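Visitor: I'd like to ask some things about the structure below.
Since every read-out is calculated from the coordinates, none of them should be taken as a lab result. All values reported here derive from a predicted model rather than from experimental measurement. Reconstructed Cβ throughout: ideal geometry from the backbone, glycine too, with neighbour counts over all protein chains shown.
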Amino acid sequence: LAVVMGKTARNVDVDDALEYVFGYTASNDVSARDIQLGDGQWVRGKSLDTFCPVGPAVVTADEIPDPGSLAIRSILNGKVMQDSNTSQLIFGVAELIAFCSRSFTLEPGDLILTGTPFGVALGRKPEVYMQDGDEIVVEIEGIGRLVNTCRVVA
């Protein structure tokens, strides 16, 4: 789940945080685990060209009164890999906004990604990583389906 900020937010209280949201969209929190594990940190392995696709549309906050109760799934080549609910997030949307706004100013249009549900490739036995040509779908209740084809670029 990606949160789309609608107003400038700095030092926001948790109780007021959702008032700063314009809307929500789906995002694919792509990771290059080989780079992450080799580097010993996450930044470069989440920052390659084409990583973090979002869409298919932004649904306004008034259409999703409770972002903490949305079904969320990922489907790889037709097989469900993750099937969860935003109620299972480690930190809720309001908590994330408040936390981020204490460290830096959030501007309209900024995105906050809430994280990925249980079932990532690294945690599976055997591990299941996307390959060139694979289709990955992210579905979020009330938002829609984000569909991407994996392309390995040298």
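Visitor: Counting only GluC sites (Glu not before Pro) that are in a DSSP loop and have at most 15 other C-beta atoms within 10 Å, tell me the longest site-free stretch of the chain.
Guide: My reading of the result: 1-126 is the longest stretch.
Visitor: Still on this structure: Can you sort Ser47, Ser103, Ser31 so the residue with the fewest Cβ neighbours within 10 Å comes first?
Guide: Sorted ascending by nearby Cβ count, the order is Ser103, Ser47, Ser31.
Visitor: Here's something else I'd like to know. List, largest first, the extents of the alpha carbons of the chain along their principal axes, each in whole Å.
Guide: For the chain, the Cα spread along each principal axis is 42, 32, 25 Å.
Visitor: Taking θ = phi - 60°, what integer Hz values does the Karplus form 6.51 cos²θ - 1.76 cosθ + 1.60 yield along region 131-146, in sequence order, with x for Gly and Pro?
Guide: Computed from phi, the couplings for region 131-146 are 10, 3, x, 5, 9, 10, 10, 10, 10, 10, 3, x, 10, x, 10, 9 Hz.
Visitor: Near the amide H of Asp110, under 5 Å away, which other amide H atoms are found, from residues 5 or more places off or on another chain, if H is placed in the peptide plane?
Guide: Excluding prolines and chain starts, which carry no amide H, the hits are Met5.
Visitor: Moving to a separate point now. If you build a Gaussian network model of the chain, linking Cα atoms that sit under 10 Å apart, which residue out of Lys125, Lys79, Lys46 swings the most?
Guide: Lys125
Visitor: When Leu89, Leu111 are ordered from fewest to most other Cβ atoms inside 10 Å of their Cβ, what list results?
Guide: Final ranking by Cβ density, sparse to dense: Leu111, Leu89.
Visitor: Okay, next question. List the lysines whose Cα lies under 27 Å from the Cα of Lys7, skipping any in the same chain that are fewer than 8 positions away.
Guide: Candidates past the 8-residue exclusion: Lys46.
Visitor: Would you list, by chain and number, the aspartates and glutamates whose Cα falls below 20 Å from the Cα of Lys125, excluding same-chain residues fewer than 8 positions away?
Guide: Hits, sequence-local ones excluded: Asp34, Asp83, Asp134.
Visitor: Turning to a different aspect of this structure: Neighbour counts of other C-beta atoms within 10 Å: give me Leu70, Leu1 arranged from fewest to most.
Guide: Numbers: Leu70 19, Leu1 25.
Lowest to highest Cβ neighbour count: Leu70, Leu1.
Visitor: Now for a different question. Over region 8-154, what relative contact order in percent results from Cα pairs under 8 Å that are six or more residues apart?
Guide: 31
Visitor: Using Cα centres only, tell me the gap between region 1-35 and region 89-113 in whole Å.
Guide: Using only Cα atoms, the two centres lie 5 Å from each other.
Visitor: Now, a different point. Given the options Asp83, Asp110, Asp62, state which has the largest fluctuation in a GNM of the chain using a 10 Å cut-off (strictly under) for Cα springs.
Guide: Asp62
Visitor: Further question: Lys and Arg at +1, Asp and Glu at -1: add these up for the other residues within a Cβ distance under 13 Å of Ala26 and post the number.
Guide: Details: positive: Arg73, Arg145; negative: Asp29, Glu139, Glu141.
In short, -1.
Visitor: What net charge do the residues around Asp39 carry, taking every other residue with its C-beta under 12 Å from that of Asp39, with Lys and Arg at +1 and Asp and Glu at -1?
Guide: Its environment carries a net charge of +2.
Visitor: To continue, here is another question. Taking only Cα atoms and a 10 Å spring cutoff, compute GNM fluctuations for the chain and point out the largest among Arg44, Arg73, Arg33.
Guide: Largest GNM mean-square fluctuation: Arg44.
Visitor: Please give me, ordered by residue number, the chymotrypsin sites (Phe, Trp or Tyr not before Pro) of region 35-112 that lie in loop per DSSP and have at most 10 other Cβ atoms within 10 Å.
Guide: Phe104
Visitor: In degrees from 0 to 90, rounded to the nearest 10, what is the angle of the helix 93-103 Cα long axis to the longest principal axis of the chain?
Guide: 80
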